[in-house]
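*Asks:* Here it is, the structure in full.
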Amino acid sequence: MKIEQGRRSYDQQCALAYALDLVGERWTLLIVRELLGGPRRYRELLDALPGIGTNLLAERLRMLTAAGVVAQGAPGRRTAGYVLTELGNRLREPVIGLARFGLGLAIAHPPAPGGTVRPSWAALAVEAMIDDERAGDVTETYLFDVDGELFYVDVAGGRARVVRGAVDEPDLTVRADAASFFRLGLNQLDPIEALVGGEVSVAGSPPAVTRCLRLLGLGGNAPAERIRAEGAAADGNTTAVA
């Protein structure tokens, strides 16, 4: 990859430095974050990245397209959009790793309140929270509905993967607003308190709730009996734990 004239380069014979020459610029990885969820039109990207500025977004997309990371003209879209190429999709693991690092950083040093929160970021957050070592020997699906953004976690063979969209007959359904969901992820809201308070509602068996919490590192050691009792107390909040 040749660095365009006028762009800064670390000018180091190092694979990490070479990658950062392309994706280390401000906003670039956040554009990739949006495209990891699927094709996006220019206006959708602009709306999802408040503060970027239309000229800067155009420049970043042009740079990523020239590098073969992004392609224009996403299949199945009536109007031209942007999509990650095979090369661009190789950034998924690095982005998830950075999100996992950022989650730990945010828990240790909570960010100031008032920042932008979007439901479309929830799936990536769950990918960062998942630890396959906690998946267990079960075959289950956990459906999440975060302000209408649907995705599910498929657990099988000791591994868990996040899939965008809905799934038929999930073992557990979790519904939450975006703000409450991210407070859960940052350990600012106790899962059981959220259940009782109505910020989160679940439909599924108490053992499935426990396993899902454990998979995400959210106090999954809470006994099923407590979840059953709290769910019964919160029945007026449309919580069902059968």
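Conditions tested, residue by residue: (1) at pLDDT 95 or above; (2) crowded, with 16+ Cβ neighbours inside 10 Å; (3) in the same structural domain as ALA112 (by TED's automatic domain parsing).
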{"position": "THR173", "(1), (2), (3)": "yes, yes, yes"}
{"position": "LEU186", "(1), (2), (3)": "no, no, yes"}
{"position": "ASP190", "(1), (2), (3)": "no, no, yes"}
{"position": "ALA203", "(1), (2), (3)": "yes, yes, yes"}
{"position": "VAL209", "(1), (2), (3)": "no, yes, yes"}
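*Asks:* Please determine, by comparing only the residues of segment 105-154 that are small (Gly, Ala, Ser), under 21 Å from PRO39 (Cα atoms) and touching a residue at least 40 places away in the same chain (Cβ under 8 Å), which one is surrounded by the fewest Cβ atoms within 10 Å (Cβ to Cβ).
*Replies:* SER120
*Asks:* What is the number of the single condition among (1) surrounded by fewer than 17 Cβ atoms within 10 Å (Cβ to Cβ); (2) touching a Pro at 6+ places or on another chain (Cβ under 8 Å) that GLY81 does not meet?
*Replies:* Among (1) surrounded by fewer than 17 Cβ atoms within 10 Å (Cβ to Cβ); (2) touching a Pro at 6+ places or on another chain (Cβ under 8 Å), the lone unmet condition for GLY81 is (1).
*Asks:* Return the total of residues in segment 183-200 being aliphatic (A, V, I, L, M), without any contact (Cβ under 8 Å) to a residue 40 or more places away in the chain and closer than 16 Å to VAL117 by Cβ.
*Replies:* Summing the residues that are aliphatic (A, V, I, L, M), without any contact (Cβ under 8 Å) to a residue 40 or more places away in the chain and closer than 16 Å to VAL117 by Cβ in segment 183-200 gives 4.
*Asks:* Any residue at all in segment 26-49 that's surrounded by 11 or more Cβ atoms within 10 Å (Cβ to Cβ), under 15 Å from the mean Cα position of the chain (by Cα) and at positive phi?
*Replies:* Yes, the conditions are met somewhere in segment 26-49.
*Asks:* Can you pull out every residue in segment 64-78 that is in contact with a strand residue (DSSP E or B) (Cβ under 9 Å, 6 or more places away or on another chain) and either at positive phi or not polar (S, T, N, Q) (or both)? Full working, then the answer.
*Replies:* Initial filter on segment 64-78 (in contact with a strand residue (DSSP E or B) (Cβ under 9 Å, 6 or more places away or on another chain)): 64-65, 69-75, 77.
Of everything in segment 64-78, those that are in contact with a strand residue (DSSP E or B) (Cβ under 9 Å, 6 or more places away or on another chain) and either at positive phi or not polar (S, T, N, Q) (or both) turn out to be LEU64, VAL69, VAL70, ALA71, GLY73, ALA74, PRO75, ARG77.
*Asks:* Would you call GLY157 surrounded by fewer than 13 Cβ atoms within 10 Å (Cβ to Cβ) and either over 19 Å from VAL196 (Cα atoms) or at pLDDT below 95 (or both)? Walk me through it before giving the result.
*Replies:* Details: surrounded by fewer than 13 Cβ atoms within 10 Å (Cβ to Cβ): yes; either over 19 Å from VAL196 (Cα atoms) or at pLDDT below 95 (or both): yes.
In short, yes.
*Asks:* What's the number of the condition ALA135 fails, among (1) touching a Gly at 6+ places or on another chain (Cβ under 6 Å); (2) assigned by TED's automatic domain parsing to the domain that holds ARG43; (3) of a type outside the set (Val, Ile, Thr)?
*Replies:* With (1) touching a Gly at 6+ places or on another chain (Cβ under 6 Å); (2) assigned by TED's automatic domain parsing to the domain that holds ARG43; (3) of a type outside the set (Val, Ile, Thr) applied to ALA135, the lone miss is (2).
*Asks:* Being under 14 Å from the mean Cα position of the chain (by Cα) and aliphatic (A, V, I, L, M), is that true of even one residue in segment 58-76? Lay out the reasoning, then the answer.
*Replies:* First, pick out the residues of segment 58-76 that are under 14 Å from the mean Cα position of the chain (by Cα): none.
Within segment 58-76, none of the residues are under 14 Å from the mean Cα position of the chain (by Cα) and aliphatic (A, V, I, L, M).
The values are calculated or read from the model by the stated rules, or taken from the named source; none is laboratory data. Quick caveat: nothing in here was measured; it's all calculated off a predicted structure. With ideal geometry, Cβ positions are generated from the backbone for all residues, glycine too; neighbour counts draw on all protein chains shown.
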